[in-house]
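I have placed the structure first, in the form of structure tokens, so that the comments after it can refer back to it.
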Amino acid sequence: MGIRFILMVNKQGQTRLAQYYEWLTLEERRALEGEIVRKCLARNEQQCSFVEHRNYKIVYRRYASLFFLVGVDNDENELAILEFIHLLVETMDRHFGNVCELDIMFHLEKAHFMLEEMVMNGCIVETSKAQILTPVQLLEKTS
Amino acid sequence: MKEYIIRLVYVEMLGHDASFGYIHAVKMIHDDSLLVKRTGYLAVTLFLNEDHDLIILIVNTIQKDLKSDNYLVVCAALNAVCKLINEETIPAVLPQIVELLAHPKEAVRKKAIMALHRFYQKSPSSVSHLVSNFRKRLCDNDPGVMGATLCPLFDLITNDVNSYKDLVISFVSILKQVAERRLPKAYDYHQMPAPFIQIKLLKILALLGSSDKQASENMYTVVGDIFRKCDSSSNIGNAVLYECICCVSSIYPNHKLLVSAADAISRFLKSDSHNLKYMGIDALGRLIKISPEIAEQHQLAVIDCLEDPDDTLKRKTFELLYKMTKSTNVEVIVDRMIDYMNSINDNHYKTEIASRCVELAEQFAPSNQWFIQTMNKVFEHAGDLVNIKVAHNLMRLIAEGFGEDDDTADSQLRSSAVESYLHILGEPKLPSVFLQVICWVLGEYGTADGKYSASYITGKLCDVAEAYSNDETVKAYAVTALMKIYAFEIAAGRKVDMLPECHSLMEEFLASHSTDLQQRAYELQAVIGLDAHAVESILPSDASCEDIEVDKALSFLNDYIQESIEKGAQPYIPESERTGMLNISNFRNQDHHEASSHGLRFEAYELPKQTVQARIPPASLASTELVPVPEAMYPRESYQTTTVPSVSSDAASTELKLRLDGVQKRWGRQTHFPSTSTSNSTSLKTVNGITQVDGSNTANSRTRETYDSRKQVEISPEKQKLAASLFGGPSKTEKKSATGHKSSKPSSHMVKSHAPKSSMEVASEKTSVQQPPDLLDFGEPTVRSTAPSLDPFKDLEGLLEPTTQVSSAVNHSSTAAVTKSPDIMGLYTETTAGAHHKDSDILSGLSKPPMTNMVGGTTTMQVAQSSKGPNLKDSLEKDALVRQIGVTPSSQNPNLFKDILG
């Protein structure tokens, strides 16, 4: 289990997407999100994109108004996770065309589908954009 | 409907309960429309956990969908399988999943593999017969499936390396193909060929190659290739490089790869990006285990990171420091850690750093006094977060002191501990564990040096018991401490009058709900009523270290048993042969558990059992008949019960014995003394930052000098100082053997000037002393330049004429700021009679300059220093003074020299 959770949070601290790879109750999620969002949003550009929190690390990256936060185990390669976030954004970019916060808000399920293709059981399983997007596009076509 | 469900997902995401709508999500997975179905699956995976009641309704649908012709439906169902199937439902879907492993669509194969991975995580036994499938899928035609298969294999290999050694060749060849861009272009990311697969493979290789030379040799070429091919200008390239470093530091070391890794690390550390610095620090921490010398060249970068305002970077750097701690730099590092610990309020991290401080201090402490001071700081700031064992170790250390035969130093240590604790007691809120230590030490040694009256100490103890009235353990410690103090007083023949608050306290405790407290209070009452001789034998002063011999076989009872059996008593049946008495033994276990959690162990080796048994009538004699179990409450009682032929006593005594053994091992420091002692004496200099003057060999200091001079303009002296004290380590440890011989001592004294070792002219000496201010400005250059250098030969000459020394000693004792010097001098002149003591004198003489700076560098001392004859005497004085007042955390153990010299 490498990745514990993936969060997308806007500048105001509102969660836009949340995917957990281990079960947490609603209360725990809320507390956790509050804590780490506060921690990460307080940091500036120069500081490094990794934050230690309890017994895991959070790798975060900011795109315009949206923060991507990924919680990982301690032995995970942080830089790779940072690039994984970028890969996710590139993938969404290819699908939505210049992706923004609103795209994710209004197509939450698609963003989730992409994540489902890329990460399973907390492991990165697919990194080819074509492979990730094919099922999502097929789904769109059938409906 | 789909829109509503997505709204529900939002509701939950924003932290509100949406359980009323779960059933609709479950209904949605039956929908015919593919998109709606998949959305339904998504919603249930987000809403439900695997133990939710609704899962039963879903499993059936999943089974049906897994058989679907449409691979998208199968994929959706497999996603749900990964999230929602629990241990009990695995068999319901397992056969279908296995079938899907051969599905023509690669996406399905991939997800089926991951579903098996999930089952393996949940319950390894359920898929143990399917492990070969993972190996098969590794050779899948589709790189996506192959990449996914690496995840379960990684887990499998983590759990059992040896069964997968045969795959090393396969992994290496896959990695080679990936690195040579044989995979489809679609997997490229920022011009790197499938970096995420590379990283996963490197992780696996690191596991497989760890301490396996043969397996590692297969990897060298490919890892070296990747090192060369990685583009260090992109983040992803650096991510792969970092993974390579991790791999190199894990597998059997290869020189070439280590060099490449060191290069990569220095690139990371020199980068402006904080992310890369972070990775660099982490990588350094890994590599340092294999080649400690690479830290040397990065010292300033590390210091920069340590002082960086970025908390993450700082923590990582502390982690690195923790890994590179040695006896030479432990003081600096632990001080830094404690400072940092005080500045944060994140309990999780505080606990971690506190336990690290403790660990380092236990492992590398240069002196016991320093250890106690450090522990005090740790307890004060993070007391409730540290393990109780640490407190026991501290008590034990204070009790045992330095060694067997140096009583003065021991008592000094103790009285300084008592003093500091009395001072600390003034603080408003102290952690319970620390209070226990304080109470115990005060009880044991509070009145030992006669500085404080019994009533003063007992007053303090009563205050403690009152102030922390809701902490029974602390109260128990306080009562026992009171009992000891009164016992010492009685034994010394003094009249004991209990303070009124103590009386009221006792009355309260006598009626306490805690049987433990009650018993202690009764014991106290009983002890006070006894005469001096009896008390002396119950609680002999300073007996906490005396070993108690436990006759485990209870041989002394043989006669009694024989007699009883002859009278017709039942012979004892071992516990294992008894039936129907399970409840009793359970009860006993419980009690033992309680006893250990109370942590009152110290009493066990404090009281000789025979006398106690005889003298303390009220409580302990209750433990005579058949079931002595409740009396096992705390260890001392279990000793008393050894008189009874019962199971409990036997078990209790072994347990105690075991525990003592464990502690002994933890504290095996005595055995290390010969090896660490010399470095201790050098580390004393480290504190003052004058490492350069006397503690490094030529080669190292030269490299450092060049490095320093290059950067000198922009680097502040404090940083250099810190760097010197942190990284001066390796060079000094090399010197260990040299310090033992006086002949090599002078040479190390002037290493800085790069003078050949043979030339010992005074001239070179002078340059050696004047040079350090150029390199490292340590604050008092003027004082230093006026103070002439020490000439070791002159020192020797001075030593050969002890009479003149003594006479001048008297003169100087009047000028020097040392008040107690005459007595100490007397002490030392006596000891200098032995020829071999010259060595120890030289050592202390050499350690003088830093000491002067430390004590205050008063002018009188400088004057004393300028005249060469009595130098040694002064240094001795200061050494002794320092030792006595305990100013330096590093005041040395006098035994050190004995160890060196035989």
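Points to keep in mind about this one:
- Legend: residues in the range B:52-77 shielded by at least 40 square angstrom of accessible surface upon adding the remaining protein chains to the isolated chain (1.4 Å probe, heavy atoms) are B:Leu72.
- Fraction of C-alpha pairs exceeding 27 angstrom in chain A: 17 percent, rounded to a whole number.
- Taking a ≥ b ≥ c as the square roots of the eigenvalues of the alpha-carbon gyration tensor, the range B:387-544 is classed oblate because a/c is 1.5 or more while a/b is no larger than b/c.
- Modelled spin labels at A:Thr134 and B:Asp32, positioned 7 Å past Cα toward Cβ, are 2.8 nm from each other.
- Here B:Lys314 sits with roughly 50 square angstrom of accessible surface, probe radius 1.4 Å.
- Burial annotation for the range B:222-270: residues with an accessible-area loss of at least 40 Å² between the isolated chain and the complete set of protein chains, computed on heavy atoms with a 1.4 Å probe, are B:Asn235.
- Neighbours of B:Ala215, meaning other residues whose beta-carbon lies under 14 angstrom from its beta-carbon, give a summed charge of -1 when Lys and Arg score +1 and Asp and Glu score -1.
- Rounded FRET efficiency, nearest 0.05, which uses the C-beta distance separating B:Lys213 from B:Asn470 and R0 of 51 Å: 0.30
- Ordered by 1.4 Å accessible area with all protein chains kept, B:Asp51, B:Asp142 run largest first as B:Asp51, B:Asp142.
- Magnitude of the charge dipole for the range B:16-81, about its Cα centre and with charges confined to Cβ atoms of Lys, Arg (+1) and Asp, Glu (-1), is about 200 debye.
- Rg [Å, one decimal], Dmax [Å, integer] - the range B:1-97, C-alpha atoms: 12.8, 39
- Probe 1.4 Å - accessible area at B:Arg336, Å² to nearest ten: 80 Å²
- Sorting B:Lys83, A:Lys110, B:Lys451 by solvent-accessible area of protein heavy atoms yields B:Lys451, B:Lys83, A:Lys110, largest first, with a 1.4 Å probe.
- Once all protein chains are placed together, B:Glu472 keeps about 90 Å² accessible to a 1.4 angstrom probe.
- Couplings 3J(HN,Hα) of the range B:178-188, computed from phi: 4, 5, 8, 6, 7, 7, x, 4, 4, 8, 5 Hz, in residue order, whole Hz [Karplus 6.51 cos²θ - 1.76 cosθ + 1.60, θ = phi - 60°; x for Gly and Pro].
- Between A and B, accessible area buried - total, square angstrom, nearest 100, 1.4 angstrom probe: 5500 Å²
- B:Glu400/B:Ile424 FRET efficiency (R0 30 Å; Cβ-Cβ; nearest 0.05): 0.85
- Scalar couplings 3J(HN,Hα) for the range B:454-465, obtained by applying the Karplus form with A = 6.51, B = -1.76, C = 1.60 to θ = phi - 60°, are 4, 5, 5, 5, 5, x, 4, 5, 4, 4, 4, 4 Hz; x denotes Gly and Pro.
- Distant-in-sequence amide H partners of A:His53 (H built 1.01 Å from N, under 5 Å): A:Ile58
- Theoretical FRET efficiency, 1/(1+(r/R0)^6), r = Cβ-Cβ of A:Ala31 and B:Asn86, R0 22 Å, to 0.05: 0.30
- Judged by the ratio a/c of the largest to the smallest principal axis of the C-alpha gyration tensor, the range B:66-141 counts as oblate, that ratio being 1.5 or greater while a/b is no larger than b/c.
- Here the label points at B:Lys229 and B:Ser504, each 7 Å from Cα along the C-beta direction, are separated by 8.2 nm in the simple model.
- Per residue, the range A:3-138 exposes 35 Å² of solvent-accessible protein surface, assessed with a 1.4 angstrom probe and all protein chains in place.
- Helix A:129-142 axis, angle to chain A major axis (alpha carbon atoms, nearest 10°): 60 degrees
- Label-point separation, B:Ile169 to A:Asn98 (7 Å along Cα→Cβ), nm: 5.5 nm
- Other-chain or far-sequence residues with amide H under 5 Å of A:Arg4's (modelled H): A:Gly71, A:Val72, A:Asp73
- For the set A:Lys110/B:Lys2; B:Lys200/B:Lys314; B:Lys350/B:Lys460, the pairs lying more than 23 angstrom apart at their alpha carbons are B:Lys200/B:Lys314; B:Lys350/B:Lys460.
- Carbon + sulfur, % of accessible area of the range A:31-93 - ligands and nucleic acids excluded, 1.4 Å: 46 percent
- If you sort the three axes of the alpha carbon gyration tensor as a ≥ b ≥ c, you get a/c of 1.5 or more for the range B:153-267 and a/b no higher than b/c, which makes it oblate.
The values are calculated or read from the model by the stated rules, or taken from the named source; none is laboratory data. This is a predicted model, so every value here is computed, not measured. Every residue, glycine among them, receives a Cβ derived from its backbone with ideal geometry; neighbour counts consider all protein chains shown. These area figures cover heavy atoms from the full protein model, side chains too; ligands, DNA and RNA do not enter into them. Shrake-Rupley method; radii C 1.70, N 1.55, O 1.52, S 1.80 Å.
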